[in-house]
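Below is one structure, written out as structure tokens, with a few remarks after it.
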Amino acid sequence: MSLEGKRILVGVTGGIAAYKMATFVRLLKKQGAEVRCMMTPASSDFITPLTLSTLSGSPVGIDFYNPKTGEWTNHVEWALWADVMIFAPVTASSLAKMAHGFSDNFLMATYLSAKCPVFVAPAMDLDMYQHPTTKANLDRLESFGYTVIPAESGFLASGLEGQGRMAEPEVLLRYLQDHFQYDARFSGKTIVITAGPTYEAIDPVRFIGNHSSGKMGFSLAEAAASKGAEVILVSGPTHLKTSHEKIRVVRVTSALQMLEAVQHHWDQVDWGIFASAVADYRPTVAADQKIKKTAETLHIDLEKNPDILSWASANRTAQKVVGFALETQNGLEYAQGKLEKKKLDAIVLNEMGEPGVGFGTDTNSVKLIFKSNKIRSFELQSKQELAFSLLNELMNNLYE
Ligand code: PMT
């Protein structure tokens, strides 16, 4: 899990986006983090301390002193406990306090005791976000070495539209993953990753395709970007999106377009990872108009698509080349055959038929086979987690 054992202190201040922090805490826990939450008194009007303590599995810090138990909560101990602090949402008022060191509640006192990296996700109305005071306060936090997670644009609770919405919980998570997963060995490397299916046109409304969702390829792209690589993600048709600034998405439809996109970038990349499910054949001729339902039978002539992975392997200079194989029988034998025939550095084998494995699922279980014949098995896990594990294993082995 990408945040396994990391201690994350989440600070919630009093804005409407506080309701999203329940989701954020869930995401952190799913990634294996230890989570403590602290809240300003005003934030409990938007989300209850009980919600955050239940989801985090830990008491919530709001006051220094609990009159019922007579206990004092030590803000310095909380600050030293944390591997990182993330404050979200941060209102204009809390931002001003953070920028200028006002310590009038437990959250602010803990913030001022921080010895760890600090992330700040502001959320406020459009005009407040654009005010020079807010800009100056955000700049000031950055000048302290803290990371500001910019507000996003969209509909605001006030009814206005523009920048001011807190970044989505998934984006907050990504900032923390980038922080903890960063691996200097990936920095300066560019990786082309193919993802998703290809659609081969029969006529303007029909195509030959397959069930690939793109989840495996997108997960690899996001994990590689978190590790510090620049990524060119060549994706067939899928509904998936990514907003990671280190990922350039090139959308294609057919195998020929995917080949062209890979060829266009191949000289600039250090690795190629080919996770897409490319159609092996395409209709020899795609009809200009919709084919009418007149004949009792219909024959479509197919011709072979070029093999993108084989092209990349044959045209490599120093690139590392990693393929995928999806097999329904004799998986190991077929995957090893592809590894040898296509002269790959490694191949990732999915064996269809096992529950939760392969097309469309959120999870996967694979074997990673190196050209040395070393095999590493990965048990069923989310495609996101698997992507991090695969990249670590590849990096540990490909430069031996
Ligand atoms: O997208 P998801 O729903 O998350 O599913 C992930 C996945 C199962 C699609 C993925 O993990 C996977 O296994 N992709 C490869 C599937 C496949 O079709 O394998 P293959 O045995 O046909 O091809 C072997 C390798 O050659 C693959 O790296 C493939 O990208 C590549 N290839 C194949 C044909 C072709 N014309 N060009 C290619 O580059």
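Any read-out appearing in this document is the output of simple, stated calculations on the displayed coordinates, not a laboratory observation. Here the structure is a predicted model, which is why all the values come from computation and not from measurement. Cβ: placed from backbone, ideal geometry, glycine included. Neighbour counts: every protein chain shown.
For the pair Lys374 and Gln329, what calculated FRET efficiency results from E = 1/(1 + (r/R0)^6), where r is the Cβ-Cβ distance and R0 = 22 Å, to the nearest 0.05?
0.40
Compute the Kirkwood hydrodynamic radius of the stretch 7-180, taking the inverse of the mean of 1/r over all pairs of distinct Cα atoms, and give it in Å to one decimal. Intermediate values should be presented prior to the final figure.
On the way: mean 1/r = 0.0625 Å⁻¹.
One over the average 1/r among Cα pairs gives 16.0 Å for the stretch 7-180.
Under the classification rounded if a/c is under 1.5, otherwise prolate if a/b is larger than b/c and oblate if not, where does the stretch 1-107 fall, given a ≥ b ≥ c as square roots of the Cα gyration tensor eigenvalues?
Working: a/c = 1.39, a/b = 1.22, b/c = 1.14.
Rounded shape, in that the Cα axes give a/c under 1.5.
For the residues Val250, Val118, Val90, what sequence is obtained by ranking on other C-beta atoms within 10 Å, fewest first?
Val250, Val118, Val90
Taking the Cα centre as origin and putting +1 on Lys and Arg beta-carbons and -1 on Asp and Glu beta-carbons, what dipole magnitude results for the chain, to the nearest 20 debye?
So the dipole magnitude of the chain works out to roughly 280 debye.
Can you order the peptides 4-12, 296-304 by their average number of other Cβ atoms within 10 Å per residue, highest first?
4-12, 296-304
Putting +1 on Lys and Arg Cβ atoms and -1 on Asp and Glu Cβ atoms, find which of Thr297, Gly154, Asn396 reaches farthest to the positive end of the dipole of the chain.
Asn396
If we count every other residue with Cβ under 12 angstrom of Ala109's Cβ, Lys/Arg +1 and Asp/Glu -1, where does the sum land?
Once positives and negatives cancel, what remains is -2.
Would you mind checking the pairs Lys246/Lys304; Lys29/Lys115; Lys241/Lys293; Lys6/Lys97 and listing those with alpha carbons more than 30 angstrom apart?
Lys246/Lys304; Lys241/Lys293
When only C-alpha pairs under 8 Å and at least 6 residues apart count, what is the relative contact order of the stretch 212-314, in percent?
With pairs under 8 Å counted, the relative contact order is 25 percent.
If I model a spin label at Ala201 and Asp45 as a point 7 Å from the Cα along the Cα→Cβ vector, what separation in nanometres do I get?
The answer from the label model is 5.7 nm.
Can you classify the chain as rounded, prolate or oblate using the Cα gyration tensor, where a ≥ b ≥ c are the square roots of its eigenvalues, rounded means a/c under 1.5, and otherwise it's prolate if a/b beats b/c and oblate if not?
Cα axes put the chain in the prolate bin.
In percent, what relative contact order does the stretch 1-79 have, based on Cα pairs under 8 Å that are 6 or more apart in sequence?
Relative contact order here is 30 percent.
On full extension of the chain, what length is gained from Leu112 through Tyr399, given 0.36 nm per residue of separation minus the C-alpha to C-alpha distance?
Working: separation 287, 0.36 × 287 = 103.32 nm, distance 4.35 nm.
Full-extension gain reported as 99.0 nm.
Between Ala96 and Trp72, what length comes free when the chain is fully extended (0.36 nm per residue of separation minus the Cα-Cα distance, one decimal in nm)?
6.0 nm
Per DSSP H run of n ≥ 4, the term is -39500 (n - 2.57); total these for the chain, divide by its residue number, and report the mean residue ellipticity at 222 nm rounded to 500 deg cm²/dmol.
That calculation yields -9500 deg cm²/dmol at 222 nm.
Mind putting a number on the dipole of the stretch 79-156 about its Cα centre? Charges go on the C-beta only, +1 for Lys and Arg and -1 for Asp and Glu, and I need it in Debye to the nearest 20.
220 debye
Sort 307-318, 175-186 by the packing proxy (mean of other Cβ within 10 Å over each peptide's residues), most packed first.
Peptide ranking by packing, descending: 175-186, 307-318.
Most fluctuating residue of Lys293, Lys135, Lys371 in a GNM of the chain with Cα springs under 10 Å: which is it?
Fluctuation is largest for Lys293.
Just how large is the dipole of the stretch 7-180 about the Cα centre, in debye to the nearest 20, putting +1 at every Lys and Arg Cβ and -1 at every Asp and Glu Cβ?
That gives the stretch 7-180 a dipole magnitude of about 320 debye.
Place +1 on the Cβ of every Lys and Arg and -1 on the Cβ of every Asp and Glu in the chain, take the dipole about the Cα centre, and give the residue among Gln329, Pro169, Val252 whose Cα lies farthest towards its positive end.
In the chain, that residue is Gln329.
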